1. Per-residue HN-Hα couplings for region 10-17, Karplus 6.51 cos²θ - 1.76 cosθ + 1.60 at θ = phi - 60°, whole Hz, x for Gly and Pro?
2. Determine the gain in length on full extension of the stretch Leu45-Val33; use 0.36 nm per residue of separation and subtract their C-alpha separation, reporting nm with one decimal.
3. If you count, for each residue, the other Cβ atoms within 10 Å and average over each peptide, how do 65-74, 7-16 line up from highest to lowest?
Amino acid sequence: MVAAGLTQAQAVAMSVIVFAGSAQLAVLPLFIVEAPIAVMLATTLVVNLRYVIYSAVLAPHFQHLSRPWRALLSYITVDGVFALFAGRFPPGCRIVFPIAGLHALRRRQISMNCVNCCENSI
């Protein structure tokens, strides 16, 4: 991301704020060609529409939780964790999802920040 013109701080911020890597990959070329922000937002919206499907499938598992808890769980919903959880665990088994999601978040943040730091030093 630094090679595309972002500062190191911007790259780290994008890594933290925009958790969907697919959205980052889709928007980065638009950022390089200085596309209008509306185009970038529309692209991000379309790429992330799969989360609507995820929420419909996961709703029975987490409907008893408060809105803040559901919002927190939505932040750690990633493709791999969704695929693992939705196909294997019945609605009564809820602890696996946050553990797997937090593990995926931790791995992603560490790897993306390492890439951003290394990319800047090359």
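1. 5, 5, 5, 4, 5, 5, 7, 7
2. Taking 0.36 nm per residue and subtracting the Cα distance, the gain is 2.4 nm.
3. With the highest mean Cβ count within 10 Å placed first, the list reads 7-16, 65-74.
A short reminder: the numbers here are calculations on the coordinates, not readings from a lab. Just so you know, these numbers come straight off a predicted model, no measurement behind them. Cβ sites come from the backbone with ideal geometry, for glycine too, and all protein chains shown count toward neighbours.
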